[in-house]
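Everything below concerns the one structure shown next.
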Amino acid sequence: MRSDASFDVLVVGSGASGLSAAVSAERAGARVALATKTTLQACNSAKAQGGIQASFGEDDSPEIHAEDVMQSSHGTANPRLVEVLTSEAPSAIHWLEECGVEFTRQNGGYRLAKCGGASRRRLLQVGDRTGHAITKALREQFESGSGTALTHHKLIALEPRENGWAATFETRNGMADILASAVVLAAGGRCYREANERHELSTNHANATGEVTRIALTTGAEARDLDALQYHPNGGAWPSTMQGYSIPETTRAYGAVLVNADGEEFTDSLGPRDAVSQAIFDEVEKGKGVLTPDGRPAVWLDTTRIAEADALISLPYMLRRYRSGGIDPLREKILTYPVLHYQNGGLVIDEHAETTLEHVFACGEIAGGTHGRNRMMGNSLLECTVFGRRAGKAAAERAGT
Ligand SMILES: Cc1cc2nc3c(=O)[nH]c(=O)nc-3n(C[C@H](O)[C@H](O)[C@H](O)COP(=O)(O)OP(=O)(O)OC[C@H]3O[C@@H](n4cnc5c(N)ncnc54)[C@H](O)[C@@H]3O)c2cc1C
């Protein structure tokens, strides 16, 4: 057990944002500790499938990307954070490549898909396990450095000290106090807990329970849009082994469409997430939905319209999962219904990812503002990378390294 150890920068959470912050802080010369509730691998980031947005298309630009974000957020996102997000997206992708991520390529460039709410093809992918590839590469970077990993450390309190912060953790061996000049909160959202409380399905990892947001609020940090939770339009509804699975949005990018019990298309399948989810709720409400064999509401996602060649490159994991459950999505439609997926809001941050508490930074799903009240798919992994890097660097600077 580590007790009363001290570091320049303490990062809490080992998803894409925490790992990006830890790697950046260490590269900036800081002595870094990365604390996480269970194992380094356990996080939502590793479950992300669809991809990550960046404007590499010839007809695209960071400005068009920013317009799409503002529009999808219905004007509620913070324009300065959006500008940082979209203008740094291409360099964030190159940084991930330097860390070892190999994005799927095609015709000499990236294979770009169009995601919901986007006006251009902008979604880079690593097959359909993009989050796994990103977290694995970042974890390897972190583990090859001199940072200290504190696994099975659950943050339970944060208190100011004269020269920084004291963080208290529950560990397998009792309590541990860690002192740090600067702290990066990267502990993700709360949709797993929220879904449990609502008796609903969620796509989230069991560690997505949101206590770190509560700790920050108790300590005096400000938050925004915390009530704005996002439903993923396409949760798996059947077979039971796929319930709560997030059917990648790339299914719709590559041609799948939503249809009702009568086989009619009832919405723009590639609309913004909140609009598509609402359209499904409304269709079921009108009595035009379908019941799953265990009596749950659903509509059809007609995946038979996806070309096999596209599915083999961009949806191999999804195909394998469904086929092992006895359903071949390229031969038959699949049942889907919205599931609780993402916490749009979070701690208020500035463009360096600093919260309203001095020397406390926040990045990734725990932070608010970048997506306003409705996130576009593919912008969360991007936010983790862009603002994780910024948080790590700024925290190292604040720590005086
Ligand atoms: C199934 C699924 C598919 C997705 N697909 C995509 C996609 O294709 N593209 C995209 O951009 N986004 C996608 N998302 C969203 C995106 O993956 C997440 O929002 C993002 O990865 C969150 O990263 P994070 O680093 O903020 O948090 P997480 O990855 O959730 O990591 C949080 C970390 O904090 C730790 N933690 C939590 N509480 C504590 C505590 N008290 N003490 C210590 N540690 C703690 C957790 O154990 C974990 O390590 C998807 C999400 C899911 C669930």
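Using 0.36 nm per residue of separation minus the Cα-Cα distance, give me the extension gain between GLU102 and ARG27 in nm, one decimal.
Contour length minus the Cα-Cα distance gives 24.9 nm.
For the chain, the longest principal axis of the alpha carbon atoms and the long axis of helix 16-27 meet at an angle near 40°. With bins 10 Å wide beginning at 0, the percent of Cα pairs of the chain falling in each bin runs 5, 24, 33, 24, 11, 3, 0. When the Cα positions of PRO316, HIS94, SER17 are compared along the charge dipole of the chain, PRO316 comes out farthest toward the positive end, with charges on each C-beta of Lys, Arg, Asp and Glu.
The Rg/Rh ratio for the range 116-208, using Cα coordinates for both the radius of gyration and the Kirkwood hydrodynamic radius, is 1.06.
Sparsely packed loop sites in the range 170-271 (the trypsin sites (Lys or Arg not before Pro) outside DSSP H, G, I, E and B with at most 16 other Cβ atoms within 10 Å) comprise ARG172.
The value given for the range 194-328 is a Kirkwood hydrodynamic radius of 16.7 Å, derived from the mean inverse Cα-Cα separation. Spatial offset of the range 288-328 relative to the range 156-199 amounts to 38 Å, using the alpha carbon center of each.
Could you give the distance between the Cα centres of the range 370-401 and the range 74-149, to the whole Å? Spelled out, the Cα-based centre of one part sits 12 Å from the other. Shown are GLU200, GLU98, GLU354, whose ranking by accessible area with a 1.4 Å probe and every protein chain present, most to least, is GLU98, GLU200, GLU354.
Note the angle between two axes, namely the Cα long axis of helix 130-144 and the longest principal axis of the Cα atoms of the chain, as a number of degrees from 0 to 90, rounded to the nearest 10. Tilt of helix 130-144: around 20 degrees. Per-residue SASA remark: ASP274, around 60 Å² accessible (1.4 Å probe; ligands, DNA and RNA not included). Restricting attention to the chain, close to 65% of DSSP beta bridges with both partner residues there are antiparallel.
To the nearest ten degrees, helix 62-72 and the longest principal axis of the Cα atoms of the chain are 70 degrees apart. Multiplying the residue separation of SER6 and GLU162 by 0.36 nm and removing their Cα-Cα distance gives an extension gain of 54.8 nm. Accessible surface for CYS191 stands near 0 Å², nearest 10, in the context of the full protein assembly shown (1.4 Å probe). At the residue level, THR213 shows approximately 10 square angstrom of accessible surface with a 1.4 angstrom probe and all protein chains present. Sorted largest first by accessible area at a 1.4 angstrom probe radius, with every protein chain in place, the residues HIS152, HIS94 fall in the order HIS94, HIS152.
Here LYS288 is the anchor, and the lysines within straight C-alpha reach of less than 29 Å, apart from those fewer than 8 places off in the same chain, are LYS114, LYS333.
The values are calculated or read from the model by the stated rules, or taken from the named source; none is laboratory data. It should be emphasised that the depicted structure is a prediction, and the values quoted were computed from it without experimental measurement. Backbone-built Cβ (ideal geometry, glycine too); neighbour counts: all protein chains shown. SASA here: full protein model, heavy atoms, side chains in, ligands and nucleic acids out. Shrake-Rupley method; radii C 1.70, N 1.55, O 1.52, S 1.80 Å.
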